[in-house]
Amino acid sequence: MKWDFFHKAALPLTLLLAACGSETAKDAPAQDHAEGEDHAGEGRITLSDDQIAAASIQLERPSVGGTATIELPATIDGDPQGTQVVSAAIGGRVVALHRNLGESVQRGQTLAVIESREAALLKGEVEASRARLALANSNLAREQRLFVQRVSPEQDLIAARTAATEARIAYTQARQQVAATGSGGGGLNRLGVIAPISGQVIGRSVVLGQTVAADAELYRIANLSSVSLSLNLQPADAGRVKPGASITVTAPGRQGGARIRFVSPALDRDTRLVPVIATLDNRAGQWRVGEPVTASVTLSGSGGDGAVRVPSTAVQTVEGRTVLFVRTRTGFNAVPVVVGDRSGAFVIVKSGLSGREQIATVNSFTLKAELGKGEASHEDH
């Protein structure tokens, strides 16, 4: 069936309520007549004000201005720069765990204690090197007195000074080795694993009594005052998104703003999409790592301040054509338009509207259905 734009389609009585079906069409406001009649000769539907109200059709004027956005699924991730894995520097048995999942921790606090023979050796070397340093300093002080009294030669003083320096270096090295593996622990054979950053415990991989190897992960800590937003764009859209562009993040009962930090120059091998990372403020603690959200990404080059936008509910497709139902004196005209990007709950109209018309928004699909029925009735005759 071909759509004849030059004939009127009468709305069946099943749609028009009996109370208003026999009424004559009432004039729309004078300003609306001029805009609607600009499209005269296209597919028409005759309908009065009362009949429009009975069919629950709502009218609205297009919005002019604004940028386009696209809505995409996204995931909240921990900020890579604010997340750190806490590992065991030495192998041994876990004898204490001081933090659980979700608890806050300050930098330098002890997270766990590991009991190990290696810990005993490291701490023992610290004590031995401290004793050697004390002895070397004592010998140096004695040689300095003897040298002043001209009892001991300068050669002995130099040797004592060298021995004291070497002992100091050995002691410092032993302490640094212990510091690299942990601190404290409460015993010669125990070392405490400390938090390298302040944040919140988001992962714990061990239990009490477990034997762990060196470099085994014990905890994962994240500073969640700022989180990352991970999403993927089509290559065509990625070219219209730059670092610094704004994103509106929504989840049930929450909304926030993010800024794009990174747009990948390469496609993901598996998805063939462009990975994008944004930064989202989370000082209020309302976003959780791993949470799925919806991201509305602002696109550049979408018409700018002169763009005409209509609610997405106003856009209908009739026989392959995208149309809007524009109010006229006697009802509506189905006006073909060319649409572009989405802008939230709106669609950008590239051509076909001036922006001053009144269009059917809510229940515009009813007009589409009735237009089709009217054309079928016309062809039957």
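Exactly one residue out of 74, 53, 28 is outside the structural domain of residue 240 (by TED's automatic domain parsing), farther than 13 Å from residue 332 by Cα and either at pLDDT below 85 or not acidic (Asp, Glu) (or both), and it is 53.
Looking at the structure I just gave you, is residue 264 without any contact (Cβ under 8 Å) to a residue 40 or more places away in the chain and either assigned by TED's automatic domain parsing to the domain that holds residue 336 or hydroxyl-bearing (Ser, Thr, Tyr) (or both)? Answer is yes for this residue. Could you tell me whether residue 219 is among the aromatic types (Phe, Trp, Tyr) and closer than 20 Å to residue 131 by Cα? The answer is no for residue 219.
All told, residue 191 falls short of being in the same structural domain as residue 255 (by TED's automatic domain parsing) and crowded, with 19+ Cβ neighbours inside 10 Å. Summed over the stretch 194-226, the residues that are touching an Asp or Glu at 6+ places or on another chain (Cβ under 6 Å) and either touching a residue at least 60 places away in the same chain (Cβ under 8 Å) or buried (at least 20 other Cβ atoms within 10 Å of the Cβ) (or both) give a count of 2. Residue 112 falls short of the stated requirement of being in contact with a helix residue (DSSP H, G or I) (Cβ under 7 Å, 6 or more places away or on another chain) and either closer than 15 Å to residue 183 by Cβ or among the β-branched types (Val, Ile, Thr) (or both). The combined condition, being without any contact (Cβ under 8 Å) to a residue 60 or more places away in the chain and at positive phi, is fulfilled by residue 150.
How many residues does the stretch 275-300 hold that are surrounded by 14 or more Cβ atoms within 10 Å (Cβ to Cβ) and not in a loop (DSSP other than H, G, I, E, B)? Adding up the residues that qualify gives 13. Against the definition (in the same structural domain as residue 75 (by TED's automatic domain parsing), part of a strand (DSSP E or B), touching a residue at least 40 places away in the same chain (Cβ under 8 Å) and buried (at least 17 other Cβ atoms within 10 Å of the Cβ)), how does residue 249 come out, yes or no? Answer is yes for this residue.
One line per residue, one yes/no per condition, for (1) in the same structural domain as residue 113 (by TED's automatic domain parsing); (2) more than 13 Å from the chain's Cα centre (by Cα):
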site: 218; (1), (2): yes, yes
site: 232; (1), (2): no, no
site: 238; (1), (2): no, yes
site: 245; (1), (2): no, no
site: 285; (1), (2): no, yes
site: 309; (1), (2): no, yes
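Here is the figure for the stretch 153-193: residues that are free of Cβ contacts under 8 Å to residues at least 40 places away in the same chain and either of a type in the set (A, V, I, L, M) or within 29 Å of residue 113 (Cα to Cα) (or both) total 12.
One residue stands out among those in the stretch 301-314 that are buried (at least 19 other Cβ atoms within 10 Å of the Cβ) and in a loop (DSSP other than H, G, I, E, B): the one that is modelled with the highest pLDDT, which is 307.
The values are calculated or read from the model by the stated rules, or taken from the named source; none is laboratory data. No experiment lies behind these values; they were computed from the predicted model shown. Virtual Cβ from ideal backbone geometry, glycine too; neighbours counted across all protein chains shown.
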